[in-house]
Every structure is written in C-alpha cells, then in structure tokens.
Amino acid sequence: MKISRAETLRYLGFRGQELTAADEQDLDRAEELCLSAARPVTVWRRFCLEPDGVTLSGSGVTFRGNAILRHLAGCDAAYLVAGTLGLDVDKLVARLMREDPALAVMTDAAAVSLIERVMDELSDEISRKEGGRVTRRFSCGYADFPLEQQTDFMRLLDMGRKLGVYIGADHIMIPQKTVTAVIGVRKAEM
Amino acid sequence: MKKDFLKYAKQRFVLLDGGFGTELQKQGLPAGVPPEALNLDAPDKVLAVHRAYLESGADVILSNTFGANRRKHPASGEAASLTAAGVRLAREAAGGKAFVALDIGPTGALTEPLGDLSFEEAYDVFREQVLAGRDADVILIETMSDLTELKAAALAARENSSLPVMCSMTFDESGRTFTGCSVECFGLTASAYADFLGINCSLGPDKILPLMKRLLAVSRVPVFVKANAGLPDSEMNYSVGAEGFAAMYSDYADIGVSVMGGCCGTTPAHIAAVKGMLSAKKPVERIIPYVSAVCSATKAVFIDGVKVVGERINPTGKKAMKEALLAGDLDYIAARTVEQVEAGADILDVNCGVPGIDEGEMLPRMVRFLSSLTDAPLQIDCGKADAVERALRAYTGKAIVNSVNAEDGSLDSLLPVVKKYGAAVVALTVSERGVPRTVEERLELARKIILAAKAHGIPEQDVFVDCLTLTAGAEQEQAMRTLSALTAIKREFEVKTTLGVSNVSFGLPARKIVNTSFLTMAMYAGLDLPILNPNIPENMQAVDAFNVLSGRDVGCARYAEKYAGYVEAAPAVKPTSSGAEELSSQSSEGELAHCIRKGLDRAAEITRELLKTHDGLEVIDDYLIPALNAVGEDYASGKIFLPQLISSAETAKKCFDAVRATLPAGSAEKGVIVLATVKGDVHDIGKNIVKTVLENYGYRIIDLGKNVPCEEVVRACRENGVKLCGLSALMTTTVDNMRLTVEALKEACPDCKVMVGGAVLTADYAEKIGADRYCRDAAESARYAGEVFANRGLERERKK
C-alpha cells in the first residue's frame, strides 16, 4: 500500500511552501516508519434497512439524528465498515514525539493518509459489489450522528476481537488511527 | 454444588462448555443486543443454552456474564445485577451436576498510557463483577488482550474472593495479543495470579497448538484451552466441525493440557465430541519447567546466559539524576532510560531513594513512566515493603525486587510481596551481623534467604543471589572471595547470581580497567546478571566477548554483527580553533536566525560562539527570541508549515541549552507553564507540539500528559504557583471536561491564565467556557505566553 504524499502534506497544513531536500527525506522516512508499524485490518457487515430508513434489520440498532437519516435517504441497505492501523502506530508516534517531534507529526499525518486510503479501498470494493449505488462514508460524530453509537459499531462488527479496537469512556477509539462509518446502498431502479 | 473445583480438577480432565453468543444468535438474539442483557430480559433462552451444554457433558457451565461489566453497562448497579442473575441461571441449569464459573471478559477499553482506563478503575470494574458473582465455584477471566487489564481482573478476583481463578488471553498466530503481549509474557506474569492459565478465542485448535506449547514451557500452573471452531467465513459460519475439533484436541491432552472447552462457533456437539475423545485418555502428569526469566508486558528476558542490568536510574552519587527526581524532570529520566537500552541493557534497575522523596509514591510513578518508554523489564531497587508493593502493583510484567537481605525483618516483610506479585528477588548476603568476610558466611546467608524464599513459595529460579562486591582498594582479598562465593552458590543451588560491578574499583585510578577485568572474572565465576553502566563501551564489550568465549554467542554471530565496522578509538585530539573561526561573528545574528529557521544543527555552535562575547541573557533576548519570533511569523503567514516550525523550535532548544549551561540554574527560565490534555482524551499530539515549541522559547513546561483529571491540573497549577496553563481537547465529547477543568482552575487559582486549543474548539467556545485565550496553533500559544510573561521572567531575573 502506498501513502499519498499530497494527502500527508495537506494534513500537515502544507500550502505550497518551499520543501527542502531535508523535508522530503523526513517525509520519506515518516512514510516508511508508518508503513512498517501499520497493520491495516478492516471489517464490514451488510444490513438491510427497515422502512424507517435508519434501523438495521435483525440487529436491534437504530441510528439516531437527522444527518444520518438524510444520508441514507433512498437506501434500502447499509454497510457498517471499520478499519484500523493497529496499536503499533500509536506507540511509534508517541516514541517519535519524544525523540524527534517534527518527524512525529509527519508520521502521524502519514498515518492519517494511510487509514483514509485503506478505507477508500474498502469503499471502492463495496461500491463495485453494489454496482456503484453507494453513498459516501458517514461516521459517528459528524453533524448530529452521536458518537455514543460507536458502541453499536463495536458490537455489530465485533471490533474488539477482530480489529483489536478499544473504546474509551468518552467513546474515543484506540488505536487512534481507527475509522468507522456507514455506507448506504441505494435502492435499485425499478 | 459448591464443591472444591481445584481438588476436582487435580486428577482428571475437566470439560468447560462452548460458544455462548453464537448459540444465542441461533435462537434469534439480534447482533446488536448484548447477550448478558438476556439474563434479566429472557432468562429462558439463557437456561436453554446452559442445559444443552450440560447435556453434552460439560463439567463446568460458564455464566452468561462475559460483558456484564460497568464499562459496558454504566447504569448504576446494572453490571452487578446482570452478573448476579447470570450466575444464578448457570447454577439453576447446572443443578448440582456441574460447576459454575463466573465468566469475566474484557471491559472493551484499553488501559493507560495508550488508553483511558486506569489500573484502579479496571480493578474496581472487575471487583464489582467478582462480588456480584460470588456464588460461582470458580472465576474464569478470558479473551484478554491487554496484560494490565488481565492483571487488574485477576487481582480483583484474588483479593475479593477465595474462589479459584482461571485466566486466559487471546493471541494471533504469531503468539502476540493486539497490545503486543507475547505468550511468554502472559505465562511468566500471570502464573502469579491464577490457578490455571489458558488460551482462548481468535484461532482454531490447530493454530493454537504451537502457542499452547509455548505456554506450557513457561507456565507454573496448569493450562487450559478454549479454541474457536476454526475461522469464520464472511457469513460467520465456522469451519471446524465437532469431530474434527475433538480430534485436534486429542493432541492437547497428550502434551499435558487437562482443562478444555470451546469458544466462538463451538456448539454442544463439539463439547460432546471432546467428551468422547477424552473418555479414552488419561491426563498426562505435567512437570513444571525450570524457567528463570523476567518480563515486561511485551518482552521476556530469559536468564539463560549473562544479561545486563542497567544501573543509571539511580540518584546515589549522581547529582543530575537526584535533581531530576526532585524536580520531577521526566525528560531527563527518559533520556537515561532510552540510552541504556540502546547501549544494550536487558533489564533496568530503578531507584528513587532521595531524601525528601516518598518512594511509595514515586516508585509506582516511575515504574509506569519507564514502562511507557521501554519494553525492558524493570528491577525495583528498594527495600521498603510498602513502596515495593505499590511499585509491583503498578508494574505489568514480572519484575525483580532489589533486594531482600538475610535479616528476618527484611525476609518477613518483603518475601510475601514478592510472592504475591510473582516477582523475582535479589538476595543480598548481608545480615544484622554486617557484611560477611568469608565464602562460607556468604554461602550461609544465601542459604538462609533461599530457604526462606522457598518457604514463601518462591522457587530458586526466581532468586538472584548478590554476594556483594567490596572495594579492592580497601580489602583486596575480598574480590576473590566474592568470586569464589559466586561459584560455590551456583554449585549448591539452582539460583541465578547478580553483582553490582563498579564498586570494586572505588578509590582507584582508571577504574574502568579494574571494573572490566573484574566483570570478566565474575562472569567466568558464574555471574548471570551484572549490574553496570551499559553506556561505558568497555562494559558491554566484556559481556560480548564473554558470550563469544563461553560459546553462548553461537558461531560468534552477534559479535560479528555488532563489531563488523568496529574501529579502535583514536586518541583524543585537541580541537583546533580554526573550525570555529570559520563562523563569521560579524553576521552571527543573521546566520543564527537562518540556521534556526532551517533547523540546522550549526545553530548551537553559533550560539556557543556568541556566548564568548555576549552575556547569556543577551543571546536569548537579542538573538534567539527574535529568530523564533520570525519563525512564528513565517508560520502564521504560511511561509513555512508545521514540521518546519517544529524543527526550528527543536534547533532553538539546542541553542537555549547552550545558553543555560552558562547561567545559574533556572535563570534563563522565562516562566513555568502547565500543559495537559483533558480527562477522557488520549489524543495529545497537538499538546505535544505546543510543548515542544514553548520549551524552545525558554519556558519550563510541566507536562501532565493526556487523560488528566481536573483535580490534577488544579493541583499542579497551585503547587507550582503557575501563571499560565494550557489545555487541549480533540473531541466534542471531551470539551466538556475542558469546561469543568477551566472552572475548577479559575476558582482555585484566579491568577492563572488559561489558554485552550484543539481541533473542535473555537474562539467563541473558548470564551464561553471561561478560558482566557483560544490558541489555534503552537505559534499562537507562544505569542500568548509572551504576553502573559511580559515584564516577568527575564526582566525580573535581570534585576537580581
């Protein structure tokens, strides 16, 4: 898997400043470190939606908030997806923060690009499977989609056992580079 | 039936039940509903699964309480009532025909420092479950991936119940958990806290078997297995059928596993098949292996040759370390930690015995801090039983306690603690009669300690005898006596030996020469664990050479690798001044600014050059601060971006260090700032960037870390009379903790300004919660700190 340099720079607030050869070298190193520490794993599960548009059939789970209702409008199924880079990335960034802070923020940004890439690939795979009739990813914490529903993702996707994802009292997931999202599947044209 | 489970399990195979959640889902339990909720909502369904397992021949029924903990069920009393109901249902189904195990799973949270769950909170969560489930016959803690959490659960079970305890973790095929804990670290650590150790979940029996052999090689207690029925496909169908499962378990019976059950995907049919397989077998009597090893949560060190204990985290005779400990300067301690491990230390000794420091408070803090920096196992250097106990409780792994001596008071107070936490212990051969003079006296004292340890259940392989290095300059004959005692002790006992090496040369010139030879002689005499300074190359060279000559370094492979590019150290050449002259002092100001802006190491050199002609404070005011301000402006205007800002700041730090070296301690300090990421939040990268930048502006930072309770922020600000506190929060859910912290801080320290930052914060919100300033980035925080400390700091210093 490759890390997009442009994305990494974007997360670092890069707006076309001068990049020295040393900066480029550090970025190479950051990407290399990130790739060697990351163990990307994803998991997904497809659910049919009940007529209310936000209840996952057979799961006992209903999404809350208007934003997710709008996001899933016209959909009759939804995928729950999750992915993580694993705890070694957290450990790496923490260590670098003490040893070489500039490299640490670069590595952190590279990790963000990497997890986004991992999730994009999963989304693409799902899109192919569904003939392109899918929505973008929508995650807890966006607009009024409550962060508390992270616990539903944890349970429905068995994220603790399958991904090694932990959840804090304030619904923050560890490893830090972990993403969960809903992808809607639009009804087929009649 | 409340029978004695341990007695029952002694002579025969014991069969646990199988998968529970998967069985409930077959009965239509929605995937989003926690299974334990059925204990109150649909007990009949729970009873039906229990009964099916009872009929399949299980000897032990696990209560449906895996997730019935307070982290997953935060409503008051809910976790306890689900647990109690679960045990009741298991008991009802067992009906006197089977044992009932209180099943305890992980909280789902990760312990500190990477997660937000403190050891104490984890302990409380499990304590509640243990108390609520007290009517069970045995406690089974399973599917753990975090050794700290497992330890909290096991201790909660041990200290709040008299029931037998079984502990099991879940590993990937390489034998690591998600947190990096290896099978060996689990076995070495958890043997102290459990009556049985096991492996469960994640994999099928075929993939667990090699891991089980590794566990058998280190576990001091009987072992058990609870495998999945293979791996599931995308429809969650498991691949291994009942007969295949039982056939694979047959291998387990043959290697000495006597307790078996099933995890995800196994059914009553699997359990019945295992029952059938076992009926034709007899348990193999297992011999507990002789293993001498210590470990952290992620790294085991086997004492099967010379292993080096680094001695540098010790304030005795080290002024800088003493000051660092008194000031709580963790960065200094971190540097000493990392450099020792890089130099080749296998284990680190930790000592904080400084007058004015409460070791009972400091040791556990140090243990937690060092564990966050290194995976090298720790040796806790303290003789006070209460402080040692607190440190061992805080340590995840199998530590060494340094030390007990042959006095009854020392043995009686420390050995029970060593035993309880499964540590190894250094046995110092001194007594109330003082330091022994002869080999025989040393042997006698060693014998006394070894026997006392054994009486407390501590085997010889966990005792590391230290027969004391004395000073050759004062008592020349003692050096050989120490070495003879080493050999005699190794001949008589199956213990390991340790020695502080450098004491031997005290008072002599060129101490390294004597130390290195003594070290080599001692290793040859039987020394396993030299305690030394690994940063002295000669020390590590002696160890490396010994490993070659003793045949331990097979094929000289490690030696060849390490010394392939070795060059004899050249005699020191006096530096000429020509190099420095190349730096034009005329343009120092411009050049320094340029080097800082570009993050060039030459900046420190220029600074040192400037210090020859300028006063230290002038260098700060006239050169460094303007250069940093220019960098800050460049960042604000988008001329440079984040990593460049940080490397400029890092470079400036080296310049500040050079200036500080010329000034009385503290006089170049512009002010003290407390930084913290608020409670609930573990995303601290932003806070760390702010810390780096502010430090490099010359502020002293008290960094409280992440997930910091409000009271701790208030205490740090109050105790240090701090005028500026920075708080960060990343998530919408934690900004409320920021509000509470600001409120408490404003009440307790009305003079202290508060700056806040974080991804979701805005200037409006900052104002609303009573913060004095919203800082959108690190450069802004440095500007604000400049405002707050204007007319303080340097000005004040100047007047002195």
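Laboratory data are not the source of any read-out in this text; all were calculated from the coordinates shown. From a predicted model like this one, the values you see are computed outputs, not experimental measurements. Please note: Cβ atoms are built from the backbone with ideal geometry, for glycine as well, and neighbour counts cover all protein chains shown.
Okay, here's what the table says:
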quantity: For the range A:58-131 versus the range B:526-546, the gap between their alpha-carbon centres in whole angstrom; calculated: 47
quantity: Simple Cβ-charge dipole of the range A:5-186, Lys/Arg +1 and Asp/Glu -1, about Cα centre, in debye nearest 20; calculated: 640
quantity: B:Thr316/B:Lys639 FRET efficiency (R0 51 Å; Cβ-Cβ; nearest 0.05); calculated: 0.50
quantity: Farthest positive-ward along the protein assembly as shown dipole, Cα basis, beta-carbon charges - from B:Gly360, A:Leu12, B:Ala247; calculated: B:Ala247
quantity: Farthest positive-ward along the protein assembly as shown dipole, Cα basis, beta-carbon charges - from A:Phe145, B:Phe506, A:Tyr166; calculated: A:Tyr166
quantity: ³J(HN,Hα), Karplus 6.51/-1.76/1.60, whole Hz, each residue of the range A:59-64, x for Gly, Pro; calculated: 10, x, 10, 10, 6, 10
quantity: Simple label model, 7 Å out from Cα along Cβ direction - B:Gln27 to B:His594, nm; calculated: 8.0
quantity: Net lengthening on full extension, B:Glu440/B:Thr662 (0.36 nm per residue, minus Cα-Cα); calculated: 74.5 nm
quantity: Cα lying deepest toward the dipole's positive end in the range B:679-800, options B:Val760, B:Cys717, B:Ala729, charges on Cβ; calculated: B:Cys717
quantity: Histogram of C-alpha separations across the range B:247-323, 5 Å bin width, %; calculated: 3, 10, 14, 10, 9, 11, 9, 9, 5, 5, 5, 5, 3, 1
quantity: Cβ-placed point charges (K, R +1; D, E -1), dipole of chain B about Cα centre in debye, nearest 20; calculated: 1180
quantity: Electrostatic dipole magnitude of the protein assembly as shown [Cβ: Lys, Arg +1; Asp, Glu -1; Cα centre; debye, to 20]; calculated: 1480
quantity: Of A:Lys91/B:Lys598; B:Lys299/B:Lys512; B:Lys670/B:Lys753; B:Lys384/B:Lys706; B:Lys10/B:Lys97; B:Lys319/B:Lys654, pairs whose Cα-Cα distance is over 20 Å; calculated: A:Lys91/B:Lys598; B:Lys299/B:Lys512; B:Lys384/B:Lys706; B:Lys319/B:Lys654
quantity: Karplus-derived 3J(HN,Hα), 6.51/-1.76/1.60, for each residue of the range B:59-73, Hz, glycine and proline x; calculated: 8, 10, 9, 8, 5, 7, 10, 3, x, 7, 10, 5, 5, 8, 10
quantity: B:Asp358 versus B:Ala790: modelled label distance in nm, points set 7 Å from Cα along the beta carbon direction; calculated: 4.1
quantity: Cα coordinate range in the range B:498-555, projected on the principal axes (Å, largest first); calculated: 39, 20, 15
quantity: Where N is the number of residues in the range B:714-757, Cα Rg divided by 2.2 N^0.38 Å; calculated: 1.12
quantity: Under 5 Å, built H, 5+ apart or other chain: amide partners of B:His614; calculated: none
quantity: Amide H partners (placed H, <5 Å) of B:Arg134, local residues excluded; calculated: none
quantity: Stokes-Einstein D for the range A:5-186, Kirkwood Rh over Cα pairs, 37 °C, 0.692 mPa s (µm²/s); calculated: 188
quantity: Computed lengthening from B:Tyr524 to B:Asp331, 0.36 nm per intervening residue step minus Cα-Cα distance; calculated: 65.7 nm
quantity: nm² value of the averaged projected area, convex hull over the Cα atoms of the range A:10-80; calculated: 8.1
quantity: Calculated P(r) tail over 44 Å for chain B, as whole % of Cα pairs; calculated: 41
quantity: Taking B:Asp528, B:Asp408, B:Asp358, B:Asp462 and counting other C-beta atoms within 10 Å, the order from fewest to most; calculated: B:Asp358, B:Asp408, B:Asp528, B:Asp462
quantity: Net length gained if the chain between B:Glu712 and B:Phe506 were fully extended (0.36 nm per residue, minus Cα distance); calculated: 69.8 nm
quantity: DSSP bridge pairs, chain B: antiparallel proportion in percent, nearest 5; calculated: 10
quantity: Sorted by Cβ density within 10 Å, fewest first, the residues B:Leu451, B:Leu197, B:Leu611; calculated: B:Leu451, B:Leu611, B:Leu197
quantity: Kirkwood estimate for the protein assembly as shown, i.e. one over the average of 1/r between Cα atoms, Å; calculated: 31.1
quantity: Separation in nanometres of the label points that stand 7 Å from Cα toward Cβ, at A:Arg133 and A:Arg10; calculated: 3.0
quantity: Hz values of 3J(HN,Hα) by residue in the range B:600-608 - Karplus curve (6.51, -1.76, 1.60), Gly and Pro given as x; calculated: 8, 4, 4, 3, 5, 4, 4, 4, 4
quantity: Nearby aspartates and glutamates by direct alpha-carbon distance to A:Lys187 (threshold 17 angstrom, same-chain neighbours under 8 apart not counted); calculated: A:Glu50, A:Asp52, A:Asp76, A:Glu130
quantity: Residue exposure sequence - B:Thr607, B:Thr298 - by fewest surrounding Cβ within 10 Å; calculated: B:Thr298, B:Thr607
